[in-house]
Amino acid sequence: MSEVAGVNKCPECGSSRPDMSNVCPTCGAPPIRPGDKRAIDEEVRTQDLEPYVTLRYIARLFKVLAVLMVVMMIGEVVTGLVTDAGEALPTLIAEVTQMLVLAGLMWGGGDITVLLIDMGHDLRVARILLGRINHEMHRAASEKR
């Protein structure tokens with residue numbers, strides 16, 4: 001921010017901006033607060049680095065539930081074979097198939113949640129890069145004037 005005779009220049013468009021704590025009336029650039037380093041060295045803002053804590057817990061929950069279902073399935077097979085031996089085999093095959101499908105769906109839900117986390121990180125990176133490109137284009141355009 002430069003101050004020449006009490007007039008500030010907008011870092012985005014280069015026009016005169018009387019109050020830097022308000023939105024630029026010319027280009028709509030966001031207000032600049034004391035200690036704001038975005039326009040100076042283009043640091044990444046704290047809100048761009050927030051982790052997806054809840055989604056990570058959901059992914060872990062799905063995977064733990066999938067493992068728990070497989071353990072329960074093994075227990076059911078052992079109990080069925082010990083109790084009824086060969087008579088329980090047709091019922092156990094149907095139950096094992098059902099439990100494996102549900103466990104696979106739960107595991108897949110955990111993987112999809114991890115994919116959503118990665119997608120969110122990619123979206124944030126794209127937003128940061130787009131903001132930097134926008135800032136650089138405004139700076140280059142103001143230098144041409």
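In the stretch 32-145, which helices (runs of 4 or more DSSP H) lie fully inside it and hold 1 or more residues that are at pLDDT below 85, hydroxyl-bearing (Ser, Thr, Tyr) and touching a strand residue (DSSP E or B) at 6+ places or on another chain (Cβ under 8 Å)?
Of the helices (runs of 4 or more DSSP H) lying wholly inside the stretch 32-145, none has at least 1 residues that are at pLDDT below 85, hydroxyl-bearing (Ser, Thr, Tyr) and touching a strand residue (DSSP E or B) at 6+ places or on another chain (Cβ under 8 Å).
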Within the stretch 91-145, restricting attention to residues that are surrounded by 14 or more Cβ atoms within 10 Å (Cβ to Cβ) and closer than 21 Å to Thr26 by Cβ, which residue is farthest from the chain's Cα centre (by Cα)? Ser142
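The values are calculated or read from the model by the stated rules, or taken from the named source; none is laboratory data. It should be emphasised that the depicted structure is a prediction, and the values quoted were computed from it without experimental measurement. Cβ sites come from the backbone with ideal geometry, for glycine too, and all protein chains shown count toward neighbours.
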